[in-house]
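The values are calculated or read from the model by the stated rules, or taken from the named source; none is laboratory data. Computed from a predicted model, the values in this text were never measured in an experiment. Glycine gets a Cβ as well: all are built from the backbone with ideal geometry, and neighbour counts include every protein chain shown. Surface accessibility is based on the protein's heavy atoms, side chains included, excluding ligands, DNA and RNA. Shrake-Rupley method; radii C 1.70, N 1.55, O 1.52, S 1.80 Å.
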Amino acid sequence: MDIENRQLPTPYHDVANLFPLLQGEDYEQLKADVAEHGLIEPIWLHDGKIVDGRNRYRACVDTGTEPRYRTWNGQGSLVSFVVSLNLHRRHLSSGQRAALAVEILPMLEEEARKRQIKLAGTRPSRNLPQTFAEGDKGESREAAATITQTNRQYVSDAKKLHDTAPDLFARVRGGDIGITEAKRELKERAREVVREQNRELVAAAPP
């Protein structure tokens, strides 16, 4: 069965899915380590769902090893907490970190929205603002860049790729190409569109 869709007793939190599951030999090595030494690093939970440690949890299930859990204390940003844990383990390029920043943007904005709602609930007036200061696009991108340890310009570039060329964004996210190469390809595509339009104009012109 596809490990992405396999039903396990403890569900995964959406934020955990920011990072890919281990596959093939990497996962087999993790299973062997857990089988031999037990689970050394605990699995993190929030609201009864796994926010970090999906691979360790799968390895425990597959090897019959008793999982160990810790619960996030709820202080600060859950997104920032999970990303910080994974950045220490994974060797991501600057482009991959920028792509990750784009993926966490809506999560950060949702966290900001919930904080604003909670704050408004402590005030006499329950009228919420139409826009959330903490969810401002500029501030959100700055926060995402800080969390993923990249720069805001890279995040803006990755966001443009995400919106206009999802295939290039996916390649950057997978580490196949960098931001600079992807931007160069995007410009070349735009130039090709212009060239094609010119060819069509020439072909349609009367003799």
**Message:** Within the range 84-100, does at least one residue satisfy the condition of being in contact (Cβ under 8 Å) with a residue 24 or more places away in the chain, surrounded by 12 or more Cβ atoms within 10 Å (Cβ to Cβ) and touching a His at 6+ places or on another chain (Cβ under 8 Å)?
**Reply:** yes
**Item:** Failed criterion for residue 63 (all others in (1) open to solvent by 70 Å² or more (accessible area, probe 1.4 Å); (2) among the hydroxyl-bearing types (Ser, Thr, Tyr); (3) in contact with a helix residue (DSSP H, G or I) (Cβ under 7 Å, 6 or more places away or on another chain) hold)
**Value:** (1)
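Listed here are the residues, each with its yes/no results for (1) within 30 Å of residue 91 (Cβ to Cβ); (2) modelled with pLDDT of 95 or more.
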{"position": "104", "(1), (2)": "yes, yes"}
{"position": "111", "(1), (2)": "yes, no"}
{"position": "140", "(1), (2)": "yes, no"}
{"position": "162", "(1), (2)": "yes, yes"}
{"position": "172", "(1), (2)": "yes, yes"}
{"position": "177", "(1), (2)": "yes, yes"}
{"position": "185", "(1), (2)": "yes, yes"}
{"position": "203", "(1), (2)": "no, no"}
{"position": "207", "(1), (2)": "no, no"}
**Request:** Mind listing whichever residues of the range 20-38 are open to solvent by 80 Å² or more (accessible area, probe 1.4 Å) and closer than 14 Å to residue 66 by Cα?
**Result:** 36, 37
**Prompt:** Which residues, taken from the range 43-60, are open to solvent by less than 20 Å² (accessible area, probe 1.4 Å) and part of a loop (DSSP other than H, G, I, E, B)?
**Reply:** 53
